[in-house]
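A short worksheet on the structure shown next.
All of the numbers you see were taken from the coordinates with simple rules; none came from a lab. Note that the structure is a prediction, hence the values are computed from the model and not measured. We place every Cβ from the backbone using ideal geometry, glycine too, and count neighbours over all the protein chains shown.
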Amino acid sequence: MLDGRRYIGLLSGYKPIGERCPHCGTNTYSAGRKISFCNFCELPVDFSDPGAQYGQASQALFAPLLEQANEGNLDAAIKGAEQLVKGNKDSQLLYLLGVLYRNISTARFQGKDYNQMGFMEPNAKNIRSSLDLTMRWKECFFKAIKVVDGEMQTSVQIDPELVFTRFMCEIRLQDYVNAATTLRSVQTLDKKTAMAEYALLVYSAEKNTKQAEPSLLKALESGELNAYYYLARYLAKRGKLREAEMVLRSLERIARVSMSQELVYRIRLTEDASKL
């Protein structure tokens, strides 16, 4: 089994460089990789050619919403997302909106406070909002998959990043059967191998397959910072909750990986339940 403490030591020695994600606009960090993956949306970022991908339509439309959400103005971000979803046929933008909705849904659910007096109406409101947003993020991912399917049927040359976006939608929906098929397509299409390797890491870690440990080992040694999040998931699934949280806290000092907050919350719930 991988030793989280060893990789915490490795993480502390990194001097990562930052680059703005060309898809969502998030400041993303890499520890020396030419191609790394966004700490928010997990789409690829080319660190070997800074700025070359800037100006994509998805970033121009999405980045202001993400900024609002990061500032705590969640209602404004939701309202802006609602406007963008209507009639949209940009698979990457739909995927990004799904990720945003999912993050806000998680934040609303985690906003419950059972120390309140009375009937705790704010908790009920947060839970209802979280459930509504869950339906929205799932709808965005399903729409993105449908758009990608249409483009794959009509395109002579298929963009591997498009297929990778479909794969990430299926992973977020926990549709591992179709994700396995899409993973093979990514592996066939991605000649640079970065997306194929990352997709294998994500699938094997989420599905908890035999390939999880070797995939994690390769990604960790290469300096992929998101791999530390998946290392924490790997450890948590094996009952090493304290070690998993230590990995996430160490990662937080270097890069803000959006998926980490939910995992920390779930680890603490499990720890609290074990004390009962």
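Could you tell me the calculated FRET efficiency between ARG6 and SER48, based on Cβ-Cβ distance and R0 = 30 angstrom, to the nearest 0.05?
It comes out at approximately 0.60.
With the chain treated as a Gaussian network of Cα nodes joined by springs under 10 Å, which of TYR176, TYR203, TYR101 yields the largest mean-square fluctuation?
Largest GNM mean-square fluctuation: TYR176.
Which of LYS89/LYS138; LYS191/LYS218; LYS146/LYS218 have a Cα-Cα distance over 24 Å?
Violating the 24 Å limit, Cα to Cα: LYS146/LYS218.
In whole Å, what are the extents of the chain along the principal axes defined by its C-alpha atoms, from largest to smallest?
Extents along the principal axes, in whole Å: 62, 47, 35.
With labels modelled as points extended 7 Å from the Cα through the Cβ direction, what inter-label distance (nm, one decimal) is found for ASP132 paired with ARG249?
About 3.7 nm, to one decimal.
Roughly what % of Cα-Cα distances in the range 140-243 sit above 18 Å, to the whole percent?
50
Hey, rough spin-label estimate for GLN110 and LYS207, points 7 angstrom out along Cα→Cβ, what's it come to in nanometres?
2.8
On full extension of the chain, what length is gained from VAL156 through LYS86, given 0.36 nm per residue of separation minus the C-alpha to C-alpha distance?
That pair, VAL156 and LYS86, stretches by 22.4 nm at full extension.
Residue separation times 0.36 nm, minus the C-alpha to C-alpha distance between GLU71 and LYS218: what's the value?
Stretched out fully, the GLU71 to LYS218 stretch lengthens by 49.4 nm.
For the range 121-209, run through the trypsin sites (Lys or Arg not before Pro) and keep only the ones in DSSP coil with at most 10 other Cβ atoms within 10 Å of their Cβ.
LYS191
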